[in-house]
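*Asks:* Can you keep this structure in mind? I'll have questions shortly.
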Amino acid sequence: MSALSAVVYREAKIRATNFTFIFWDLFFPLLYMLVFGVGINSALGAPAGLGSVNYNEFFLAGILAMASFAIASNTSWSFFLDRDNGIFYEMLTYPMSRSEYLLGKVIFNVCIAVVQAALTLVVGRLLLGIRMHWQNLPLLLIGMAVGTAGWFFFYAIFALRIRRNDVFNSVTSVFYFVFMFASSMFYPLDPLPSWFRLAALLNPITWEIDWLRFTSIGLGNLHSILLEGAAFLVFALACFIYAVRCLHRQE
């Protein structure tokens with residue numbers, strides 16, 4: 001067994017023995033869509049300026065991005081568990097590179113994100129009647145994979161640099177609030193104040209959401225979506241490089 005596959009196998013065993021993590025990763029965003037999305041859709045219908053797109057269809061991309069964000073956060077938190085039981089420092093002595101260690105963790109969780117996306121799309125279609133551009137499904141799943149990886153590498157930086165679990169949880173809670181609400185996840189940006197639009201457009205989760213929204217329901221401008229997709233890819237690569245550097249310092 002290669003070092004990479006060994007890390008993937010270990011992540012799978014950890015998740016298989018923890019139902020809470022599995023429920024949170026696979027079903028919590030789905031419940032959010034069914035409760036929050038259905039309520040807003042019933043109250044508001046189609047967001048202003050988006051034509052025949054109803055709120056459930058608009059919110060779908062936000063739910064998918066929320067899932068990748070949460071899966072990445074849960075995975076990065078596992079660094080603290082590994083530190084507590086001593087396995088983290090033991091694994092650093094194994095014959096594998098730091099890059100393999102990070103990539104092994106993220107590969108399994110990318111698979112979880114893709115399964116969660118497929119589940120959300122099926123339920124959204126069957127229960128909510130969401131109209132999907134199914135021909136773009138491969139591009140949507142690629143967006144989920146890159147999004148989950150990028151956010152994991154981002155969170156890994158803080159998990160590796162912060163020693164106290166409570167401090168890390170406080171930091172991630174702030175990130176959760178700022179990234180989620182200062183983005184295009186819950187509402188279209190055009191009617192909002194210019195300062196808010198600027199903050200949202202500089203927010204990496206907006207880039208991910210816009211990609212997922214374009215590939216799922218065709219909403220958006222292709223040129224802008226390609227720019228945002230490229231920007232998120234640069235963000236993910238930069239986070240990966242810095243996370244590897246932080247991992248090299250864990251001696």
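The values are calculated or read from the model by the stated rules, or taken from the named source; none is laboratory data. These numbers were taken from a predicted model, which means no experiment stands behind them. Positions of Cβ are backbone-derived with ideal geometry, glycine not excepted, and every protein chain shown enters the neighbour counts.
For every residue, the table says whether it meets (1) of a type in the set (Asp, Glu); (2) farther than 15 Å from Val178 by Cβ; (3) at pLDDT below 95; (4) not in a helix (DSSP H, G or I).
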{"position": "Ala200", "(1), (2), (3), (4)": "no, no, yes, no"}
{"position": "Thr206", "(1), (2), (3), (4)": "no, no, yes, no"}
{"position": "Phe214", "(1), (2), (3), (4)": "no, yes, yes, no"}
{"position": "Leu219", "(1), (2), (3), (4)": "no, yes, yes, yes"}
{"position": "Glu228", "(1), (2), (3), (4)": "yes, yes, yes, no"}
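*Asks:* Just checking, how many residues over region 78-103 are among the aromatic types (Phe, Trp, Tyr), in a helix (DSSP H, G or I) and farther than 14 Å from Phe153 by Cβ?
*Replies:* 3
*Asks:* Let me ask something else about it. Only one residue in Ala12, Ala65 is at pLDDT 75 or above, in contact with an Asp or Glu (Cβ under 9 Å, 6 or more places away or on another chain) and closer than 22 Å to Ala118 by Cα. Which one? Quick ask: steps written out before the conclusion?
*Replies:* On the way: Ala12 fails: in contact with an Asp or Glu (Cβ under 9 Å, 6 or more places away or on another chain).
After ruling out the rest, the residue left standing is Ala65.
*Asks:* Okay, moving on. If we keep just the residues of region 198-210 that are within 11 Å of Ser184 (Cβ to Cβ) and crowded, with 19+ Cβ neighbours inside 10 Å, which is farthest from the chain's Cα centre (by Cα)?
*Replies:* Step by step, filter region 198-210, then rank; the result is Ala200.
*Asks:* Those residues that are touching a helix residue (DSSP H, G or I) at 6+ places or on another chain (Cβ under 6 Å), in contact (Cβ under 8 Å) with a residue 60 or more places away in the chain and in a helix (DSSP H, G or I), I need them from region 125-145; list them, please.
*Replies:* The answer is Leu128, Asn136, Leu139, Leu140, Gly143, Met144.
*Asks:* Among the listed residues Ser183, Ser76, identify the single one that is closer than 17 Å to Val8 by Cβ and hydroxyl-bearing (Ser, Thr, Tyr).
*Replies:* Ser76
*Asks:* Give the residue that is modelled with the highest pLDDT, with candidates limited to residues of region 38-62 that are farther than 27 Å from Ala145 by Cα, among the small types (Gly, Ala, Ser) and part of a helix (DSSP H, G or I).
*Replies:* Gly39
*Asks:* Can you find a residue in region 209-221 that is of a type in the set (Gly, Ala, Ser) and on the phi > 0 side of the Ramachandran plot?
*Replies:* Taking every residue of region 209-221 in turn, at least one turns out to be of a type in the set (Gly, Ala, Ser) and on the phi > 0 side of the Ramachandran plot.
*Asks:* Of the residues that make up region 147-164, is at least one free of Cβ contacts under 8 Å to residues at least 40 places away in the same chain, of a type in the set (A, V, I, L, M, F, W, C) and farther than 18 Å from Ile63 by Cβ?
*Replies:* Yes, the conditions are met somewhere in region 147-164.
*Asks:* Does Ser170 qualify as being under 21 Å from the mean Cα position of the chain (by Cα), free of Cβ contacts under 8 Å to residues at least 12 places away in the same chain and either part of a helix (DSSP H, G or I) or within 25 Å of Asp210 (Cβ to Cβ) (or both)?
*Replies:* Numbers: under 21 Å from the mean Cα position of the chain (by Cα): yes; free of Cβ contacts under 8 Å to residues at least 12 places away in the same chain: yes; either part of a helix (DSSP H, G or I) or within 25 Å of Asp210 (Cβ to Cβ) (or both): yes.
The answer is yes for Ser170.
*Asks:* In contact with a His (Cβ under 9 Å, 6 or more places away or on another chain) and of a type in the set (Gly, Ala, Ser): is that true of Ser184 in this structure?
*Replies:* No; evaluated as a whole, the condition is false for this residue.
*Asks:* Only one of Val122, Val106 is part of a helix (DSSP H, G or I), surrounded by fewer than 22 Cβ atoms within 10 Å (Cβ to Cβ) and of a type in the set (Val, Ile, Thr). Can you tell me which?
*Replies:* Unique residue meeting the criteria: Val122.
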